[in-house]
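The block underneath contains the structure these notes are about, expressed in structure tokens.
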Amino acid sequence: MFESVCFYLCGGLMLLGGIMTVASRSAVASAVWLIFAFLNAAGVYALLSAPFLAILQVLVYAGAIMVLFLFVIMMLHGPVMNEDLRSRSRWFWPALALPLAAIAGSAVTLLGRARGGAFPAPAPHGFGRAEQVAALLLDRYLLAFELISIVLLVAIIGALSLGLREGRRT
Amino acid sequence: MEQVTALFARIAGAGTLSPQLLLWLGALTMALIMALVMAACAIVFTWAERKVAGFIQSRYGPMRVGRWHGIAQPIADMLKILQKEDIIPADADRKFFILAPFVLFIGSLMAWAAIPFAPGFVAADLDMGLLYIFAASSLVTIGILMSGWASNNKWSLYGAARGAAQIVSYEIPLALAVVPVVLYAGSLNMTDIVVAQQGGIWKWFALRNPFLFVSFLIYFLASIAEVNRTPFDLPETESELVAGYHTEYSGMRFAFFFLAEYANLFLVSCIATAVFLGGWGHPVPGLNFAPALVFLAKAVLLVLAQIWIRWTLPRLRVDQLMHVCWKVMIPLALVCLAGSGVWMLAFVRFA
Amino acid sequence: MTIGLTHYLVLATAVFLTGLSGVLVRRNSLIVLMSIELMLCAGNIVFAAFSRWLGDASGHVFVLMSFAVAAAEAAIGLAILVEIHRLRRSVNLDDLKTLTE
């Protein structure tokens, strides 16, 4: 019971955050709604007994990525602020219909399968905690871990070179 | 938290309250206690800040209000700030302007939940307490950016942009500096980290090996930058930006910024105490009656050190600030991390 | 009805499609980037949900990879956007069509 309330609360608010991200006129409002959606996503992770992911979700998305977004929005300021939603592309109505159709369709599927995929309760001890994820990361998925660090390194170098070229020009 | 819940259960009589209700009541009480601690530390530290500033500049600081050395000055200030007119600039983005102080405040209030003041006295003894604290305090940046944006004022915007750049940058050395401690303690739980340091001053993580001592210094400097204080107070330089991101705020809304600032100052000191300075442990034998007081005393000493630094050193330039962070502190923190690892392999026997 | 795998999949689908509609509809490239982040987040929830269902935490590792990719994508994407804004004074996707003309 408690779990369902938490799920509908976090999930609903996350969806609301997502919709408002897409529908807000100003980019700053979009970013703030997206932060709201991500915070609720952290709640969803916590419900899925993934506390490590929940904390990293806040740390990485709300603490770093969205700060970067807000920072860039403020740097570019004026021209990017408000977009007239009426000058929309021809994809507007199909795109708007997509999530609505999906929600309706999924709800029908749900009603059709009354015992749809209940989780094996409860989660094994220590499931999704830092120790377990770390053990997997440094053992079974060591190669992927190393590769992703290379991806991040390349991203750092790329962002730096994009920024530095501008510095040399002026 | 368990003690609080148990207390409620005893007051109401066993079995009259459902466990879930008890949980909520306990959480609410702890949140209230933490908010009160925040307010109290802001009140005490404003006074301490002004007195220390006074002594450093060969004057007395506040002397009038209250019998002894202006001790009631912060209460008078608080009463004054409550009466001030609440101004929202006409061109401000109203929603975000109102929301920003709360985001800032909630960010620092949330982080308090995982600080272990004494054995068992911790609001939420989380498995990943240390990570949680960093995650919660990263919300502060968003509050700063929102306030700077919503004020619609160029000084505020500059202040907010500087603040965000600075805090995001300094979070990296801050986090890297505590990683060797996690290595030693083998846990992210704050209580475990403190317990691992019990039994004499040489057990404190700051003194376990030379690399950890350097890590502690890196943490301390980065934490000063994290709370935007001189010599890293670029986001709110009085001489350039009026007051940075909270220029347009007045009255109660300004009080929230003020409160959050001092609460953050105390928070980073509490984290340093728990992670590097042995928490409630102390070398004096026979002094065991008040572990929480020992903890608070250490944290207050660190705060005083930060106040001392603020009134002693001049401010850095923006480029120097970034240089220190990216080209000095981060490489040094990485060296300390590797060094601590090697030290552990060489000298520490694993149980 | 207890909350199970299906509920999380429905939530993830809805969020993913919201993000997709944002990518298709919005002309402000910053908001398009944000919508992509939203879609990535929906994918992560599916990983975590199946991980819980199978009782195997490997899914959490994949989510961590996805976090790293999202961070890299945001850093590079925003750096490119800033460059484009310097050159074109606009980040509106309708103004950035030189290759099609």
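The values are calculated or read from the model by the stated rules, or taken from the named source; none is laboratory data. Nothing here was measured: the structure is a model prediction, and the numbers come from that model. Methodologically, a virtual Cβ is constructed for each residue, glycine included, from the backbone with ideal geometry; neighbour enumeration extends over all protein chains shown.
In a residue-by-residue description of the stretch A:14-24, the property of being crowded, with 23+ Cβ neighbours inside 10 Å, more than 25 Å from C:L5 (Cβ to Cβ) and touching a residue at least 24 places away in the same chain (Cβ under 8 Å) applies to no position. For C:A70, the test of being of a type in the set (G, A, S), facing chain A (nearest Cβ under 7 Å), under 20 Å from A:L48 (Cβ atoms) and part of a helix (DSSP H, G or I) is passed. Selection over the stretch B:164-187 of residues that are among the aliphatic types (A, V, I, L, M), buried (at least 22 other Cβ atoms within 10 Å of the Cβ) and within 20 Å of B:I115 (Cβ to Cβ) gives a count of 5.
Among the residues making up the stretch A:52-64, a single one is surrounded by fewer than 22 Cβ atoms within 10 Å (Cβ to Cβ) and either more than 7 Å from chain B (Cβ to nearest Cβ) or in contact (Cβ under 8 Å) with a residue 40 or more places away in the chain (or both): A:V60.
Return yes or no: is C:L93 modelled with pLDDT under 85, over 26 Å from A:A159 (Cβ atoms), more than 7 Å from chain A (Cβ to nearest Cβ) and within 20 Å of the chain's Cα centre (by Cα)?
Details: modelled with pLDDT under 85: yes; over 26 Å from A:A159 (Cβ atoms): no; more than 7 Å from chain A (Cβ to nearest Cβ): yes; within 20 Å of the chain's Cα centre (by Cα): yes.
Judged against the criteria, C:L93 is not a match.
Restricted to the stretch B:238-332, the set of helices (runs of 4 or more DSSP H) holding at least 2 residues that are more than 26 Å from B:F134 (Cα to Cα) comprises B:238-241, B:251-275.
Residues that are among the basic types (K, R) and part of a loop (DSSP other than H, G, I, E, B) do not occur anywhere in the stretch B:88-100. Of all the criteria given as (1) polar (S, T, N, Q); (2) facing chain A (nearest Cβ under 7 Å); (3) closer than 25 Å to A:I157 by Cβ, the one not satisfied by C:S21 is (3). Yes or no: A:A31 among the hydrophobic types (A, V, I, L, M, F, W, C) and more than 8 Å from every other protein chain (Cβ to nearest Cβ)? Against the criterion (among the hydrophobic types (A, V, I, L, M, F, W, C) and more than 8 Å from every other protein chain (Cβ to nearest Cβ)), A:A31 does not qualify. Check the stretch C:7-24 and report whether any residue there is crowded, with 24+ Cβ neighbours inside 10 Å, within 16 Å of C:G59 (Cβ to Cβ) and in contact (Cβ under 8 Å) with a residue 40 or more places away in the chain. Taking every residue of the stretch C:7-24 in turn, at least one turns out to be crowded, with 24+ Cβ neighbours inside 10 Å, within 16 Å of C:G59 (Cβ to Cβ) and in contact (Cβ under 8 Å) with a residue 40 or more places away in the chain. When C:L11, C:L87, C:L5 are checked against the criterion of being out of contact with any Gly (no Cβ under 8 Å at 6 or more places or on another chain) and either farther than 19 Å from A:V28 by Cβ or within 7 Å of another protein chain (Cβ to nearest Cβ) (or both), a single residue qualifies: C:L87.
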